[in-house]
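Encoded as structure tokens, the structure appears first; notes follow it.
The values are calculated or read from the model by the stated rules, or taken from the named source; none is laboratory data. Everything quoted here is computed from the prediction, not taken from an experiment. Neighbour counts run over all protein chains shown; Cβ positions are idealised from the backbone, glycine included.
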Amino acid sequence: MAPKTGADTAGVPAETQMLLLEKTGNGVEDTVYALMLPVLDGDFRASLQGSPENELQFCFESGDPDVQTMDAVDAVFVNSGDNPFKLMKESIKILSKIKGTFSHIESKETPANLDWFGWCTWDAFYKAVNPVGIEEGLQSLREGGAPPRFLIIDDGWQQIVNEFKEVDGALLEETVFAERLVDLKENDKFRGEACKNLGDLVKKIKETHGVKYVYAWHALLGYWGGVCTSSDVMEKYNPKLVYPVQSPGDVANLRDVAMDSLEKYGVGIIDPEKIYEFYNDQHSYLSSVGVDGVKVDVQNVMETLGHGFGGRVALTRKYQHALEESIARNFKGNNLICCMSHSSDHIYSALKSAVARASEDFMPREPTLQTLHIANVAFNSLLLGEIFIPDWDMFQSKHETAEFHGAARALSGGGVYVSDKPGVHDFNVLKKLVLPDGSILRARYAGRPTRDCLFNDPVMDGKSLLKIWNLNNLSAAVGVFNCQGAGNWTWLVEEISHVPTAVNITGHLSPSDVESLEEITGDEWNGETAVYAFNSCSLSRLQKHQSLELSLVTMTCEIYTISPIQVRFLSTPCLHLLRLYGCVGFILVNGARESLPVNLKKTFVEPRLLHILTETVIFAPGLRWGCSVRATWTAQHVQLWWRTRQYHRHS
């Protein structure tokens, strides 16, 4: 899923799953927003698309030629309001009650691992993950002062088979995504001298390295190519080989190498009536060896397998609900990460799933995809953030874009985890995100673009900065990113060569960029704020609607902490006690002290810290649309984070 913006209906791409319209007036107070959400209607799924005639169309599909209808009663939800974020939230809550097939994020259990720093094995080893490497990675991070308390053992631990070994080398490379699962237990790499079995490894890393939560990766169908239909272990689940059929909407936007491979070589699918039994067997085994949860990948394949199973919606819902029931039975704390799950079939079938990846993978070897990743996760979180806690994926701390990615993760409101190779870390980056005990500080909501960025293209228009806002319990934060000049959107089907260029862009930052700032201010607040820029170490005093100017070059960013100023008159003993328990502080930092007005130097300020979508009708001139198509960074503030963290734990 990726964003696109425009001003005419013809530009709305196929497979649009959210359409937000803006009608501007004489001022902010006159601006009106309309939201269109194509949803699930019975066994059918709707999406929006534009036409050459500049008309808005919706596409209605089941994914099974035998499942047809002449009626589309509740296919598209339409709502309007003057605040796009409240509009989104209210609409999803209304829809969840009407449909009953999914839930708003506020009614879901939040997995506890999200509050702890994590390490994922994927980019560190890819499929070569092994027990020795896992221990080396955990040890090097722990010794450097960023101890992971959350571990994902990614792809590479399962017993799989490639049934196409007799073909030539070139063809064999095509079949990698068609490999299939043959057993529920770990492969031989996890049974040997380094560890007796998976349970032995999990026990060891928890006891030796202080890891609190261990997740294991698996695909929704077991593995990328499903399960091996000739496996004795899989026989009980009545598997059969089927061939995916991609919808015209999917291939209109982007060809996917994995789906093309599966379409050619087939998928071993489990009988839908046996899918809960499969998940329960897999998860009960993992739980018995100490694994605490799972990351379930390749969920998008379900939208291509509806033929003969009652359609894609019915099949997806059967699998999704079976998965959630198995998670609830076998793991504590709703410990599930959904991945490759952006089709509306999955989004509107998520009753319990609370965490979902918000974009394509972080790809360290692809320099042109780094800025796209940040823009993509922020815009996708507009929709996903009302149903899930968006997972902005791992990154690598010793990478040329580490500061860029790290700053975004601090604003994401989701988990923070890396995929560093053992011994290859930048602890200057990690210590801006990770507290000494391995915990992190998460913001209150999903990080999303500020209102003035919603209808701009922060990747390709050559002039717009991306601003991402969030709230904390006691403060607000806005991250400003220059994503221009480094890449093209991946939804461009035609091949376009791109030469990265450095672009310097000037923009503005205002406390009013933060939505719902009144949630963290008292009734007596007069609109005055202290705004601290982490990288430049500058401190400004701004009224809510004032702004400051900033300039950034490509692939650079700045994070601003916005603290509402409220004066308190306390006796000296009271101040001493409050300081002792980390409850208060003064906004006086190195490099900013001299620039403060005298009266602000004497003002006591509560520390407000950074815990740290399509065819449309042009209603009137000025209408714009946007759609979704399928750190604190200084030592002084890290210390202040820690003191406040201690206070909250005792309160």
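Brief remarks on what is shown
- Figure legend. Inter-residue proximity from the range 46-61: first residues within 17 Å of residue 74 (Cα to Cα), second residues surrounded by fewer than 15 Cβ atoms within 10 Å (Cβ to Cβ) and of a type in the set (S, T, N, Q), beta-carbon distance below 9 Å, spacing 6+ or different chains. Indicated pairs: 57/51; 60/69.
- Any chance residue 163 is touching a Gly at 6+ places or on another chain (Cβ under 9 Å), in a loop (DSSP other than H, G, I, E, B) and at negative phi: yes
- Every condition in (1) surrounded by fewer than 16 Cβ atoms within 10 Å (Cβ to Cβ); (2) at pLDDT 95 or above; (3) in a helix (DSSP H, G or I) holds for residue 199 except the one numbered (1).
- For the range 212-251, a tally of residues being under 25 Å from residue 173 (Cα atoms) and in a helix (DSSP H, G or I) returns 2.
- Flag if residue 475 is over 22 Å from residue 502 (Cβ atoms), touching a strand residue (DSSP E or B) at 6+ places or on another chain (Cβ under 6 Å), modelled with pLDDT under 95 and surrounded by 23 or more Cβ atoms within 10 Å (Cβ to Cβ): yes
- The residues in the range 3-18 that are surrounded by fewer than 24 Cβ atoms within 10 Å (Cβ to Cβ) and under 13 Å from residue 454 (Cβ atoms) can be counted, and the count is 3.
- Residue count, the range 253-308 (criterion: in contact with an Asp or Glu (Cβ under 8 Å, 6 or more places away or on another chain) and aliphatic (A, V, I, L, M)): 2
- Residue in the range 112-122 that is out of contact with any Pro (no Cβ under 7 Å at 6 or more places or on another chain), surrounded by fewer than 20 Cβ atoms within 10 Å (Cβ to Cβ) and assigned to a helix (DSSP H, G or I) present: yes
- Residues (out of contact with any Cys (no Cβ under 8 Å at 6 or more places or on another chain) and crowded, with 19+ Cβ neighbours inside 10 Å) located in the range 42-51: 43, 44, 45, 50
- Yes/no for residue 155 being touching a helix residue (DSSP H, G or I) at 6+ places or on another chain (Cβ under 9 Å), among the acidic types (Asp, Glu) and crowded, with 17+ Cβ neighbours inside 10 Å: yes
- Residue-level check: of (1) over 11 Å from the mean Cα position of the chain (by Cα); (2) crowded, with 24+ Cβ neighbours inside 10 Å, residue 450 misses just (2).
- When the range 503-527 is limited to residues that are of a type in the set (A, V, I, L, M, F, W, C) and more than 28 Å from residue 484 (Cα to Cα), the one that is surrounded by the fewest Cβ atoms within 10 Å (Cβ to Cβ) turns out to be 525.
- Here the strands (runs of 3 or more DSSP E) wholly within the range 25-102 that include at least 3 residues being among the small types (Gly, Ala, Ser) are 44-50.
- Of all residues in the range 36-43, none satisfies being more than 30 Å from residue 306 (Cβ to Cβ), modelled with pLDDT of 95 or more and in contact with a helix residue (DSSP H, G or I) (Cβ under 9 Å, 6 or more places away or on another chain).
- Only one entry in 247, 231 is of a type in the set (S, T, N, Q) and within 28 Å of residue 121 (Cβ to Cβ), namely 231.
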